[in-house]
Amino acid sequence: MKNHAYRPLYVVIAVIVAILIARAIMVPKDFGIQKQGYMYGWHRLGNEQDWKDFKVKHRGREYCKDCHPDNYELNANSPHAIIQCEDCHGPAIDHPDNPPKLEINKARELCLRCHAKLPYKQSGRAWITGINNDEHNPGMECVTCHNPHSPVLN
Amino acid sequence: MIDRRDFLKYGLAAIIGTGLAVTETGKVIASAGKSDSVRWTFLVDTTKCVGCGMCVRACKLENEIPYDVSVSRTWVERYIVKTDGTFIADSPMAARDGFIDNVVRNDPDKPNGIIVPENEIAKAFFVPKLCNQCDKPPCVQVCPVGATYQTPDGVVLVDRTWCIGCGYCIMACPYGVRFFHPIYHVAEKCNWCYHRISKGMKTACVQACPFGAREIGNIKDPNDPVTKVIMTERVNVLKSEYGTNPMAYYRGLDSVVR
């Protein structure tokens with residue numbers, strides 16, 4: 001086997017062996033064809049659990065109920081009962097540990113998300129009480145007159 | 001020495017045998033994972049949407065999508081169909097802050113936006129968009145490394161540790177749902193809040209919607225209220241011509257919506 005013509009062959013074999021070793025080290029053990037078959041299920045199985053373990057941040061209004069019963073009750077009996085606390089106050093995450101304080105947004109833009117009157121008869125906006133932002137007490141905070149937890153004026 | 005008769009005989013047998021083996025394997029692979037009891041489905045009622053954008057805000061905060069970047073896993077589109085038959089549509093910042101005026105800002109050449117006079121509006125409405133979790137996802141088929149895949153309950157996920165950022169999936173999605181995550185620099189997409197639905201919770205957008213315009217359900221459960229609507233009422237899907245079998249159904253879908 002002194003034939004120099006074999007030398008390129010040794011190089012090729014060495015490269016293939018190197019690739020196979022690298023693959024054995026770098027590809028995770030749970031990587032492969034999973035339940036969905038080759039076309040749609042070729043992945044690392046552990047990633048499904050990685051995504052399931054992603055942090056839940058919006059906890060729902062029941063999370064707020066025990067510490068804020070007054071606002072919870074007031075809101076529950078108003079037309080705004082359909083709105084989640086976290087829509088306006090932001091995600092609770094692990095409040096009060098993290099974050100210790102949640103947002104209190106008094107901007108008109110927050111209310112205008114639903115209550116800006118738009119001439120879109122085929123949309124859900126049509127049946128909501130809407131205002132013209134330039135005519136309805138321009139510049140004033142909505143909370144001056146309306147309690148956002150129970151917004152109807154007596 | 002092989003004669004012509006034997007060559008043809010064995011040759012034919014080998015071809016047929018290989019063909020059968022391939023189809024049978026294909027069938028086994030195709031039927032794998034189809035027997036599970038959960039297949040998530042989504043129902044968007046466009047007639048209920050008011051364009052408040054609370055869903056987009058909740059999604060971005062829940063799924064850690066940088067808030068002040070224009071990319072988003074879900075968005076809301078405004079369509080204004082004029083009496084002359086043309087239409088304009090926009091979704092500024094994915095409608096993160098809702099639609100608070102009648103100015104359409106979809107044209108960089110018109111920084112002040114376009115206002116369609118009320119008497120020229122034939123119909124106008126909002127359409128929430130999100131990943132369709134297609135039954136035959138083209139984004140998964142094109143992934144060269146197996147970084148994106150379909151789970152047995154039908155959700156398409158991206159493995160951030162495995163994605164090489166080639167962008168094929170972003171090009172392949174007919175719905176424009178995919179984008180690059182500005183921080184991780186890998187493909188990013190809506191996964192119907194997989195961390196929430198697998199715990200029995202609703203997605204962040206469904207929970208945030210005050211009007212019930214978004215609902216999530218299990219299409220394998222005949223008693224699921226969402227499944228009942230899909231089975232008994234007039235619903236449609238987006239771009240069915242692509243053959244992707246989208247699993248997000250729309251109520252009140254207009255033909256101008258793409």
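Each value in this text was obtained by applying a stated rule to the coordinates, not by laboratory testing. Owing to the predicted nature of the structure, the values given are computational and were not obtained by experimental measurement. Glycine also receives a Cβ, built like all others from the backbone with ideal geometry; neighbour counts cover every protein chain displayed.
Gyration tensor over the Cα atoms of chain A: the corresponding equivalent ellipsoid has semi-axes (square roots of 5 times the eigenvalues, largest first) of 62, 21, 15 Å.
Here the 3J(HN,Hα) profile of the stretch B:149-162, calculated from phi with Karplus coefficients 6.51, -1.76 and 1.60 at θ = phi - 60°, is 7, 9, 7, x, 9, x, 8, 9, 10, 10, 8, 5, 7, 10 Hz, Gly and Pro shown as x. Using a cut-off of 19 Å between Cα atoms, the listed pairs A:Lys57/A:Lys101; A:Lys57/B:Lys202; A:Lys117/B:Lys129 include A:Lys117/B:Lys129 as exceeding that distance.
Over the C-alpha trace of the stretch A:62-144, radius of gyration and Dmax come out as 15.2, 45 angstrom. When each of the peptides B:101-110, B:2-11, B:76-85 is scored by the mean number of other C-beta atoms lying within 10 Å of its residues, the order from highest to lowest reads B:76-85, B:101-110, B:2-11. For the stretch A:30-43, putting each phi into the Karplus relation 6.51 cos²θ - 1.76 cosθ + 1.60 with θ = phi - 60° gives couplings of 8, 8, x, 6, 9, 4, 7, x, 5, 5, 10, x, 7, 6 Hz, in residue order, rounded to whole numbers and with x for Gly and Pro.
The share of C-alpha pairs in chain B whose separation exceeds 31 Å stands at 34 percent.
Modelled this way, with points 7 Å down the Cα-to-C-beta line, the labels at B:Ser240 and A:Arg7 are 6.7 nm from one another. Evaluated on the protein assembly as shown, the Kirkwood hydrodynamic radius is 24.5 Å, with distances taken between all distinct Cα atoms. Under 21 Å of direct C-alpha separation, and excluding same-chain neighbours fewer than eight residues apart, A:Lys29 reaches these lysines: A:Lys52. As an equivalent ellipsoid, the stretch B:39-186 spans semi-axes of 32, 17, 15 angstrom, where each value is the square root of five times an eigenvalue of the C-alpha gyration tensor, largest first.
Principal semi-axes of the equivalent ellipsoid, √(5λ) from the alpha carbon gyration tensor of the stretch A:4-52, are 35, 12, 5 Å from largest down. Placing +1 on the Cβ of every Lys and Arg and -1 on the Cβ of every Asp and Glu, with nothing else charged, gives the stretch A:62-144 a dipole about its Cα centre of roughly 520 debye. For A:Ile131, the residues whose amide H sits under 5 Å from its own are A:Ala116, A:Lys117, ignoring neighbours fewer than 5 places away on the same chain, with H placed 1.01 Å from N.
Shape verdict for the stretch B:124-258, please, from the Cα gyration tensor: rounded (a/c under 1.5), prolate (a/b greater than b/c) or oblate. Note, shape of the stretch B:124-258 comes out prolate. Per residue of A:106-118, other chain Cβ atoms within 10 Å of the residue Cβ number 5 on average. Packing here is the average count of other Cβ atoms within 10 Å per residue, and on that basis the peptides B:200-213, B:180-193, A:92-105, highest first, run B:200-213, B:180-193, A:92-105. Quotient of the Cα radius of gyration of the stretch A:1-91 and 2.2 N^0.38 Å, N being its number of residues: 2.38.
When restricted to Cα atoms, the stretch B:94-177 yields an Rg and a Dmax of 18.6, 53 Å, respectively.
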